[in-house]
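What follows is a set of notes on a single structure, which appears directly below.
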Amino acid sequence: QKEVEQNSGPLSVPEGAIASLNCTYSDRGSQSFFWYRQYSGKSPELIMFIYSNGDKEDGRFTAQLNKASQYVSLLIRDSQPSDSATYLCAVNIIGDSNYQLIWGAGTKLIIKP
Amino acid sequence: DTEVTQTPKHLVMGMTNKKSLKCEQHMGHRAMYWYKQKAKKPPELMFVYSYEKLSINESVPSRFSPECPNSSLLNLHLHALQPEDSALYLCASSQGHDMNTEAFFGQGTRLTVV
């Protein structure tokens, strides 16, 4: 069973601090990794994707990928109350005959003013 | 334009009704997806269309019937649904159905079966 694991939270972070969200995956053949943000009652919104080991920065967001340890993380700097949402990690793997996007259960992030 | 448009936004239907959900994208994406999402759960893949052909059907009951009339449109026909089918139905699209496939979601249709 190919799995993606996230701590369900909630993760509570003070405003202005760095929020760190983690995701581990079981399939060593995984090639691409995505972070989606989902506000309650809304649809997932792609915020970051990463394909290579190392860090990728986009504004206040940094995705970190370590394929040897099979984890991917998302850092949010200068956290704002508007960052409060559920963050879903998704990993693209090669299935039986197709690519499959495997989803983690999501981490609920709460930014406290 | 990174928009995927879904209609309707909300739908209430009886168990004997027939209804359709619609999805449209004009990004030139060749892969389109239907997902079902229950509260506090991740999206659950239902169907994948790649180049207008059904490439994945995740053992979805036949009361859900997808249709891809052209490369920009995706429909989901609903018939004889059960109350447990109530969920958020999400359409997504990506450039292709391959390794580095960033999928963009529509706003979803909140479906309630009564």
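The values are calculated or read from the model by the stated rules, or taken from the named source; none is laboratory data. All of these numbers come straight from a predicted model, not from anything done at the bench. Neighbour counts are summed over all protein chains in view; Cβ atoms, including those assigned to glycine, are modelled from backbone coordinates with ideal geometry. Note: areas computed on protein heavy atoms with side chains; ligands, DNA, RNA excluded. Shrake-Rupley method; radii C 1.70, N 1.55, O 1.52, S 1.80 Å.
Computed from label points 7 Å out along Cα-Cβ, the spacing between B:ARG110 and B:SER72 is 2.9 nm. Size of the protein assembly as shown from its Cα atoms: along the principal axes, largest to smallest, the extents are 51, 39, 36 Å.
Here is the list for the range A:5-110: GluC sites (Glu not before Pro) lying in DSSP coil, each with at most 14 other C-beta atoms within 10 angstrom of its C-beta, are A:GLU15.
Do any of A:LYS56/B:LYS9; A:LYS42/A:LYS112; A:LYS2/B:LYS19; A:LYS2/B:LYS18; B:LYS19/B:LYS40 go past 32 Å between their Cα atoms, and which?
Details: A:LYS56/B:LYS9 34 Å; A:LYS42/A:LYS112 21 Å; A:LYS2/B:LYS19 35 Å; A:LYS2/B:LYS18 36 Å; B:LYS19/B:LYS40 26 Å.
In this structure, A:LYS56/B:LYS9; A:LYS2/B:LYS19; A:LYS2/B:LYS18 lie more than 32 Å apart at Cα.
When N is the residue count of chain A, what does its C-alpha Rg come to as a fraction of 2.2 N^0.38 Å? Present the calculation step by step, with values, prior to reporting the outcome.
Working: Rg = 13.7 Å, N = 113, 2.2 N^0.38 = 13.3 Å.
Here the Cα radius of gyration is 1.03 times the empirical estimate.
The mean number of partner chain beta-carbon atoms within 10 angstrom of a residue's beta-carbon across peptide B:87-98 is 2.
Under unit Cβ charges (Lys, Arg +1; Asp, Glu -1), what dipole magnitude, rounded to 20 debye, does chain B have relative to its Cα centre?
Values: 12 positive and 11 negative charges, 93 e Å.
Once rounded to the nearest 20, the dipole reads 440 debye.
Mean partner shielding of peptide B:41-48, defined as the number of other chain Cβ atoms within 10 Å of each residue Cβ, is 4. Counting only protein heavy atoms and a 1.4 Å probe, the protein assembly as shown has 49 square angstrom of accessible area per residue.
For the range A:1-84, carbon and sulfur atoms together expose 45% of the accessible surface, with a 1.4 angstrom probe and every protein chain in place. Each of B:SER55, B:VAL12, B:ALA31 was scored by the projection of its Cα onto the charge dipole of the range B:1-55, and the greatest displacement toward the positive side belongs to B:VAL12; charges sit on the C-beta of Lys, Arg, Asp and Glu. Remark: relative contact order (chain A) = 38 percent; criterion is Cα-Cα distance under 8 angstrom and separation of 6 or more residues.
Dipole of chain A, Cα-centred, from +1 at each Lys and Arg C-beta and -1 at each Asp and Glu C-beta, to the nearest 20 debye?
Working: 10 positive and 11 negative charges, 19 e Å.
Using only the charged Cβ atoms, the result is roughly 80 debye.
Counts of other chain beta carbons within 10 angstrom of each beta carbon in peptide A:99-105 average 6.
Please report the equivalent ellipsoid semi-axes of the range B:3-114, computed as sqrt(5 x eigenvalue) of the Cα gyration tensor, largest first, in whole Å. Before the final figure, lay out each step's value.
Working: eigenvalues 101, 37, 34 Å².
After diagonalising the Cα gyration tensor, the semi-axes are 22, 14, 13 Å.
For the pair the range A:48-113 / the range B:61-114, the C-alpha centres are spaced 24 Å from each other. Taking only the C-alpha atoms of the range A:36-81, Rg followed by Dmax gives 12.0, 36 Å.
Rounded to the nearest 20 Debye, what is the dipole magnitude of the protein assembly as shown about its Cα centre when Lys and Arg each give +1 and Asp and Glu each give -1 at the C-beta? Can you show the working numbers first?
Working: 22 positive and 22 negative charges, 118 e Å.
That gives a dipole near 560 debye.
Give the B-A buried accessible area in Å², both sides summed, 1.4 Å probe, nearest 100. Summing both sides, the interface buries roughly 1700 Å².
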